[in-house]
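FYI, it's all coordinate maths here, none of it is from the lab. Keep in mind the model is a prediction, meaning the values are calculated, not measured. Note that each Cβ is placed from the backbone with ideal geometry, even for glycine, and that neighbours are counted across all protein chains shown.
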Amino acid sequence: MMFKHNFKKVLSATAFAVALVVAPAANVSAATNDASSTQQSATATSQDQQASQDQAASQSSAANQSSATAASASSSTSTSSATSTSTVKKTTKKAKKTTKKSKKKSKKKTSKKKAVKKVAKKTTKKKATKKAAEAAEAAAKKAAAVKKAAAKKAAAAKKAAAKKAAAVKKAAAKKAAAAKKAAAKKKAAAKKKAAAKKKAAKKSAEKAAKYWIAMRESGGYYTARNGSCYGRYQLLISYLGGDLSKKNQERTADRYVYGRYGSWVNAKRFWLAHNWY
């Protein structure tokens, strides 16, 4: 019964090894571990069988036939175990080869992935550099535009200031000219007024001097007569030219005084010095 049980174990190990060959590549590692375990189990079984054989050999001659049968079964089991071990080894070798191939493929895939990642990184860096260059160019353009606008604004402000200064200067000049003109006009008016005042004073003085002489010569009468002198100013009758009217007396007296003395004031001054004019 014990040999039969061990034989079943060996058969199970063989079936498991066959299953490992059929199993997918993803479970190769696990299969390899199971195969190693199966090999160890098979080895342990073989040792147990050998111990059983030794025990059977020491039994009585009555059990020789049974021992022979057991030995035959043990030999059959050992052969089966050896076959199983060989299969496991082949399977393990194949699994290792598959694992190695898988690792190589995985390494190749990882290398390819790294290369792709490197290219992507390089592309990203290139794009970032390009983007930074574009941003710098845009910033430079913006700065240039701002500078240009500022310069334009400054020029406009300068022009406006110059225009305003010119307008202020012009207004000041105009105001100064107007003030000068007003001052000149005022001065002229003052001068004219002074002249008019002087003239009025002179006229008044002339009138007063003329009246003073008339009062001294005739008492102010237009018909007064003294010898060959006649009228308000006691002029020679020949001076009047036969016209004894008041108007002619006034006109003739003015012509005589202005012609001889320059003014009635001077005539009065002469009269005061000589009692005649």
Computed Kirkwood radius, in angstrom, where 1/r is averaged over Cα pairs of region 115-184 = 17.3 Å
task = Multiply the residue gap between Tyr211 and Lys174 by 0.36 nm, knock off their C-alpha separation, and tell me the result in nm, one decimal place.
result = 8.0 nm
task = Indicate the gyration tensor shape class of region 229-277 (rounded, prolate or oblate), computed on the Cα atoms with a ≥ b ≥ c the square roots of the eigenvalues: a/c under 1.5 is rounded; otherwise a/b larger than b/c is prolate and the rest oblate.
result = prolate
request  = Under a cut-off of 20 Å between alpha-carbon atoms, report the lysines in cross-link reach of Lys142, not counting same-chain residues fewer than 8 places apart.
outcome  = Lys130, Lys131, Lys152, Lys153
task = Check the straight Cα-Cα distances from Lys100 and name the lysines below 21 Å, setting aside those fewer than 8 residues away within the same chain.
result = Lys89, Lys90, Lys108, Lys109, Lys112, Lys113, Lys114
task = Assuming R0 = 41 Å, can you tell me the calculated FRET efficiency for the pair Ala151 and Val119, based on Cβ-Cβ distance, to the nearest 0.05?
result = 0.30
message = Compute the distance from the alpha-carbon center of region 100-161 to that of region 213-241, in whole Å.
response = 126 Å
key: Convex hull volume of region 160-277 per residue (C-alpha atoms, cubic angstrom)   = 133 Å³
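Tell me whether region 88-207 comes out rounded, prolate or oblate; compute the Cα gyration tensor, take square roots of the eigenvalues as a ≥ b ≥ c, and use a/c under 1.5 as the rounded threshold.
Details: a/c = 30.09, a/b = 15.21, b/c = 1.98.
Prolate is the answer for region 88-207, as a/c is 1.5 or above and a/b outweighs b/c.
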key: Added length on full extension, which subtracts the Cα-Cα distance from 0.36 nm per residue, Ala133 to Ala224   = 20.2 nm
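Given the pairs Lys104/Lys126; Lys210/Lys247; Lys207/Lys247, which span a C-alpha to C-alpha distance of over 26 angstrom in this model?
Working: Lys104/Lys126 32 Å; Lys210/Lys247 15 Å; Lys207/Lys247 15 Å.
Lys104/Lys126, as the Cα separations exceed 26 Å there.
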